[in-house]
Structure formats: structure tokens, C-alpha cells
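Engineer: First, the structure itself, so that you have it in front of you.
The values are calculated or read from the model by the stated rules, or taken from the named source; none is laboratory data. The structure displayed is predicted, hence computed values, not measured ones. No Cβ is skipped: glycine too gets one built from the backbone with ideal geometry, and neighbour counts run over all protein chains shown.
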């Protein structure tokens with residue numbers, strides 16, 4: 001990967017951005033793309049660093065992503081600290097602009113929403129990372145009074161009462177944080193549509209709160225919290241919440257990625273045989289040429305850099321293309 005950055009850093013950054021932002025996703029995790037971005041920012045030339053600056057906000061979409069990128073970049077491009085116990089970041093203009101883009105990407109409510117979901121995370125090396133520190137390093141220039149109020153609130157210079165009047169997402173977060181019981185928590189989930197991360201830990205042990213959240217949290221959060229909901233008694237055998245959770249998890253329309261699986265013939269004949277519905281089963285060539293695959297080719301299957309799969313069927317090669325958005 002470092003050789004790729006040295007040979008053509010801009011291309012490496014563009015490829016990492018393409019894979020990270022692909023819909024449906026082309027990678028199970030985002031950290032490899034973040035590592036490529038960090039390596040390009042730390043070891044790349046001026047043009048590569050400019051590419052990172054332009055793409056970072058699209059790849060690092062959450063606080064956790066930003067913490068991972070910052071940790072990778074600091075360890076790859078930082079300098080030894082005075083105490084010798086770690087590395088200290090070396091901040092240049094391009095990196096300041098890249099970090100600032102995270103706070104400027106999207107409208108104020110979108111930025112506030114992801115800030116409120118997680119203001120602190122740990123880097124891959126286990127070091128503490130706070131958005132307040134990143135904001136102070138980046139010094140982003142606010143383009144509106146609402147964004148200025150949000151930045152001041154993150155830095156600790158604007159009070160809760162002042163930011164409420166400018167940023168509805170922060171108002172919803174503070175309202176959720178102020179609840180003291182399950183009834184209030186359920187009401188704020190229904191009325192403000194807040195995610196479970198906005199709620200205080202004290203009410204996240206209540207079965208009734210999770211009974212309400214079963215229908216609103218994302219699919220990944222639902223999967224990750226199945227054990228918690230089972231432990232506290234929200235999910236019970238043949239219970240209503242169990243039925244609703246199972247219904248969401250088994251709903252084909254929710255689970256299916258946008259688009260459809262596509263097999264296309266990549267041989268010169270370009271036949272138009274029936275498209276297979278399975279990724280592991282290729283269709284039969286409609287030209288009728290060699291009904292049985294050659295024993296030496298029947299089990300061959302290759303994967304290209306673009307994520308497509310190819311396998312031979314008779315005299316033809318069929319290519320499976322990941323479904324598009």
C-alpha cells in the first residue's frame with residue numbers, strides 16, 4: 001500500500017474513496033480506506049495530500065471514522081513526543097483544512113447529529129480522541145450563526161441554552177439527556193425521533209425503552225443490541241417486541257441491497273441467456289455451444305479489481321457485477 005501511495009498517491013486516494021462511498025458497500029469495514037487516507041496524508045506528495053483534503057469528509061463520516069483516521073495519521077506522520085512515550089501530530093495547512101472539512105460537510109443539523117451521537121472515541125491504538133481537540137486544531141470557519149454556535153458549544157465556549165435556539169439537533173440531544181425515567185425517554189423518542197445514543201445510560205436498562213426503540217433503531221444497531229434486549233427482558237419468547245424485531249430482520253425488502261444481482265456474458269458471443277439470481281450459480285449459455293463446461297475450466301473463477309466475479313459456462317465467460325445503487 002505504501003508503494004502504491006509512492007507510485008500514484010492520487011489514484012490510491014481516489015480508489016479508497018470510491019470503495020468507501022460505494023452503495024451498496026464494497027468493503028465490510030471502513031478502516032482499510034481510512035488507513036489508506038492516513039498513509040497518503042502522511043507519506044504522499046503535495047498532490048496526494050490535496051486529494052486527501054478533498055475526500056476526507058466523504059470517507060470519514062462519523063466520529064469513530066475520524067478518530068481512526070487521526071490515530072493512523074498521527075502514528076505514521078507524527079514526531080516523537082518530548083517524554084518519549086508516544087507521537088505528537090505535525091499539523092500542516094492541508095491537514096487543518098482536511099479536518100475542518102469534517103465539521104463543514106453537510107448542513108448544521110447533520111453535523112450536530114453526528115457530533116451528539118459521539119463526541120469522544122478512541123483511536124485504533126487506544127488513545128483518547130475528542131472532537132473538541134480536533135476542532136481546536138482545525139479552526140474551521142463558520143459560515144452561519146448556527147454553525148458558529150455549534151462550534152462554540154463543542155469547544156465549551158457556548159452554553160446549552162444559547163445553542164438550543166440555533167441548532168435543533170442539539171436541542172433534541174439535550175432534551176434526551178435530561179430524561180429521568182422510561183416514560184420520558186419513550187416520549188422523547190416518539191416526539192423528537194432521537195437515536196438510542198442520545199439517551200442517558202440510566203434509561204437504557206429499561207425494557208420499555210428498548211421496546212420503543214425496536215422499531216426505530218438502524219438494522220446494525222438492532223443486531224448489536226439483541227443480546228442487551230434479551231438480557232433486560234425486552235425480547236421474550238413469543239413476545240410482541242420479539243415478533244417485531246424478527247420481522248425487521250427477516251424483511252427481504254429491508255435487507256436487500258438496492259439494485260439486483262447481474263450476470264452478463266463477457267465472451268465475444270455476448271449471448272443473452274437468462275440471468276442468474278444467485279452469485280454462486282452462473283446461468284447456462286443460450287447459444288447452446290458446449291453444454292458441459294470443460295473439466296479444466298469448470299471450477300475456475302476470478303475476481304477483478306472492480307469487484308466483479310467471472311466464471312466459465314461452456315464456451316462463455318459470465319461476469320457477476322455487484323448491484324448498483
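Engineer: If you take the residues of the stretch 70-120 that are part of a strand (DSSP E or B) and out of contact with any helix residue (DSSP H, G or I) (no Cβ under 6 Å at 6 or more places or on another chain), which of them is modelled with the lowest pLDDT? Show your work before the answer.
Structural biologist: The initial filter retains those residues of the stretch 70-120 that are part of a strand (DSSP E or B), namely 79-80, 87-88, 120.
Still in the running and out of contact with any helix residue (DSSP H, G or I) (no Cβ under 6 Å at 6 or more places or on another chain): 79-80, 88, 120.
Details: 79: 78, 80: 74, 88: 77, 120: 91.
Per the stated criteria, the residue is 80.
Engineer: Could you check, for the stretch 55-65, whether at least one of its residues is more than 12 Å from the chain's Cα centre (by Cα), assigned to a helix (DSSP H, G or I) and assigned by TED's automatic domain parsing to the domain that holds residue 87? Give the steps one after another, and end with the answer.
Structural biologist: Of the residues in the stretch 55-65, the ones more than 12 Å from the chain's Cα centre (by Cα) are 55-56.
From the residues that got through so far, the ones that are assigned to a helix (DSSP H, G or I) too are 55-56.
If we keep only those that are assigned by TED's automatic domain parsing to the domain that holds residue 87 as well, we get 55-56.
Taking every residue of the stretch 55-65 in turn, at least one turns out to be more than 12 Å from the chain's Cα centre (by Cα), assigned to a helix (DSSP H, G or I) and assigned by TED's automatic domain parsing to the domain that holds residue 87.
Engineer: Here's something else I'd like to know. Residue 60 versus (1) touching a residue at least 24 places away in the same chain (Cβ under 8 Å); (2) surrounded by fewer than 23 Cβ atoms within 10 Å (Cβ to Cβ): which is the lone unmet condition?
Structural biologist: (2) is the only condition that residue 60 fails.
Engineer: Here is a further query. Answer yes or no: is there a residue in the stretch 114-126 that is touching a residue at least 24 places away in the same chain (Cβ under 8 Å), within 18 Å of residue 59 (Cα to Cα), touching a strand residue (DSSP E or B) at 6+ places or on another chain (Cβ under 7 Å) and crowded, with 17+ Cβ neighbours inside 10 Å.
Structural biologist: Yes, the conditions are met somewhere in the stretch 114-126.
Engineer: Here's a follow-up. So if I check each of 203, 170, 163, which one is within 24 Å of the chain's Cα centre (by Cα), part of a helix (DSSP H, G or I) and touching a residue at least 12 places away in the same chain (Cβ under 8 Å)? Walk me through it before giving the result.
Structural biologist: Working: 203 fails: within 24 Å of the chain's Cα centre (by Cα); 163 fails: within 24 Å of the chain's Cα centre (by Cα).
Only one candidate qualifies: 170.
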